[in-house]
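Q: Could you have a look at this structure, given as structure tokens, before my questions?
Readers should treat all values here as calculations from the given coordinates under stated rules, not as data from a laboratory. This structure is a prediction, so every number in the text was calculated from the model and none was measured.
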Amino acid sequence: MKKQEINLELLMGARVVGATGKPVGRLQEVVAEIKGSEYLIEEYHVGTYALFERLSVSSIGREVLKLFGAQRRGHGYRVPWAKLDLSDPVRPRLKCLVSELERLP
């Protein structure tokens, strides 16, 4: 397997598009596991709820969305590392359909 190094600070906030080219949300969080001296990416969190999770205000954020009538539009997804194409880190792209992703609670 080819190793790829990407500066995460440059990737954070990047707009992720689906396999169909439609925007899915912005990359807000990266979940990694430490293996020896390396960090291995497990999944990425994308979307509005991912931002609230990143800021540790997920329950408050959901309530704010409800106040503005956006409870159905606000969402977030868990994207397994293998389902995100980072060959162009400026334009991350899903390798699967959005319907195949697990939604953030």
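Q: If you plug each phi of segment 100-105 into the Karplus form 6.51 cos²θ - 1.76 cosθ + 1.60 with θ = phi - 60°, what whole-Hz ³J(HN,Hα) values come out, in order, with x for Gly and Pro?
A: These are the phi-based 3J(HN,Hα) values: 7, 8, 7, 7, 6, x Hz.
Q: Now a separate question. Long-range amide H contacts for ALA19: which residues qualify at under 5 Å (H placed 1.01 Å from N, peptide plane, sequence gap of 5 or more or a different chain)?
A: Residues meeting the amide H criterion: LEU94, CYS96, VAL98.
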